[in-house]
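The structure appears below as structure tokens.
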Amino acid sequence: AERGAVEVDVAVASAWLEDESAILLDVREQEELEMEWIPGATPMPLSKLDAKEVADLNAGKIVVICHTGRRSKKAVERLIEYGIKDVYSVRDGRWLR
């Protein structure tokens, strides 16, 4: 069954990152990344998102973040279409700070 993007909140996402069961993909564009960098995130702007490249990271869970949560949902949907199952969008895009 097809599913849309599953959203998780920042607390859940950061717990996964801490126990290394997930990686964080930041799909904001370069100029945004330069303004605010999330430590430990893998930058992959939505405009250049390559599902195969993401699959090749061989991560457990993949958590996607952007500024508001809109682009991360798009990215998640694209990755699900490609066949990557364990992928989540951070709700509202806000990271702990």
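The values are calculated or read from the model by the stated rules, or taken from the named source; none is laboratory data. Please read these numbers as outputs of a predicted model, since none were measured by experiment. With ideal geometry, Cβ positions are generated from the backbone for all residues, glycine too; neighbour counts draw on all protein chains shown. Protein only, heavy atoms only, side chains kept; ligands, DNA and RNA dropped before computing areas. Shrake-Rupley method; radii C 1.70, N 1.55, O 1.52, S 1.80 Å.
So here's what we get for this one:
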item	result
Nitroxide proxy distance, nm - points 7 Å out along Cα→Cβ at residue 20 and residue 48	2.7
Counted charge near residue 16, where neighbours are those whose Cβ lies closer than 11 Å (Asp, Glu -1; Lys, Arg +1)	-3
Semi-axis lengths (Å, descending) of the ellipsoid that matches the C-alpha gyration tensor of segment 8-97	17, 16, 12
Probe 1.4 Å, protein heavy atoms only - accessible area per residue of the chain in square angstrom	59
Dipole moment magnitude, nearest 20 debye, the chain about Cα centre, only Lys, Arg, Asp, Glu C-beta charged	320
For the chain, with +1 on Lys and Arg beta carbons and -1 on Asp and Glu, the positive-most of 39, 4, 14 along the dipole	4
Cβ-defined net charge surrounding residue 69, 12 Å radius [Lys, Arg +1; Asp, Glu -1]	+4
Protein accessible area in segment 7-72, 1.4 Å probe - carbon and sulfur %	51
